[in-house]
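Here is the structure we will look at, set down as structure tokens.
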Amino acid sequence: MAGNDADALDATQEALIAVVRGLPHFDGRSSFVTWSYRVATNACLDELRRRRRRPIPVDEMTVAAAAGTDLAGSIADRMAIDDAVAALPPEFRAAVVLRDVCALDYAEIAEVLDVPPGTVRSRIARGRAAIAAHLAGNPESTDERQIPRP
């Protein structure tokens, strides 16, 4: 969800601190796992907001070295997918990552994001459509009403 290892590690550290600090306030209305996913998701969304305020470094040597290897195709595919996911608005990115990477069901995602299950389904469908359009080279082909741009 964070898009790169350094930001993911920062978000993980913040999430663990938040879980420890929040344990006295955990009221048991949801399962501990669902609550901890929500804390981790919020920490990641906070990290994404912080990232918008700083420049993104590009390691051109790594990209150039990867282009000359046999793995260049799979690395390029992975980078394209990462770029497509990173281009999603945070609310769509969170829903897609929680479903496709974390394998949570719709009810769990709804509880983590504190939205109705129908909203989760909608965000996942629209997020996946935007990813497909981005990978097809048509990021503008999605309906502007469906994907709000930041």
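Laboratory data are not the source of any read-out in this text; all were calculated from the coordinates shown. All figures in this text were calculated on a predicted structure; none of them were measured in a lab. Cβ: placed from backbone, ideal geometry, glycine included. Neighbour counts: every protein chain shown.
General remarks:
- Taking label points 7 Å from Cα along the Cα-to-Cβ direction, Glu91 and Asp105 give a separation of 2.5 nm.
- Annotation for Ser122 and Ala6: the two label points, set 7 Å from Cα along the Cα-Cβ direction, are 3.7 nm apart.
- Among 118-125, 36-43, 3-10, 21-28, the order from most to least packed when residues are scored by Cβ within 10 Å on average: 36-43, 118-125, 3-10, 21-28
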